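This report refers to the structure that appears directly beneath it.
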Amino acid sequence: MEHIISTPTVKAPAERFTGDVYLDTVESPTAPARLGAALVRFTPGARTHWHRHVHGQTLRITDGEGLVVTRDGSAVRVTAGQTVKCPPGEEHWHGGTATTLMAHLAMVVGDADGDGTTWLEPVSDEEFAQALRDTEGSAT
């Protein structure tokens, strides 16, 4: 058994996130299991950049209200207790709404080279606004 008392909260890097986002690492991907998990907290308006995962990603919303959006324009508004699964290779982004924070556990299975994430360009303000309009009134 390994009992980890705490890990430091770090500000997420600006080259992968827009706005103020904070990360607490739960598990780093290491052989043989290669599970990576982090508690990610998004302030209102904050979001990831577009990205994809070689083995997909599971998001378990723990607090607040947020958005998960795919490159094809599918968008869902999520709240605490909900789970979203993004399949391998699907380009997507996630974050808080314009007025609410959102926190989630992000879980990925990495590969031999790390967590298997490919980071892409930032989500534009127009893409963010469109996702808000597309999901208005659809929480829970």
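Derivation of every value follows stated rules applied to the coordinates shown; laboratory data play no part. Every value quoted in this text rests on a predicted model; they were computed, and no experiment measured them. Note that we place each Cβ from the backbone using ideal geometry, even for glycine, and neighbour counts take in every protein chain shown.
Please give the FRET efficiency for ALA33 paired with ALA80, using the beta carbon to beta carbon distance and R0 = 30 Å, rounded to the nearest 0.05.
0.65
The angle between the Cα long axis of helix 125-135 and the main principal axis of the chain comes to about 80°, on a 0 to 90 degree scale.
What the Cβ-Cβ distance of ARG133 and LEU105 gives, at R0 = 22 Å and to the nearest 0.05, is a FRET efficiency of 0.20. Residues considered: ALA33, ALA80, ALA106. Largest GNM mean-square fluctuation over the chain, using C-alpha springs under 10 Å, is found at ALA33.
Beta bridges from DSSP with both residues in the stretch 10-135: antiparallel share about 100 percent, rounded to the nearest 5.
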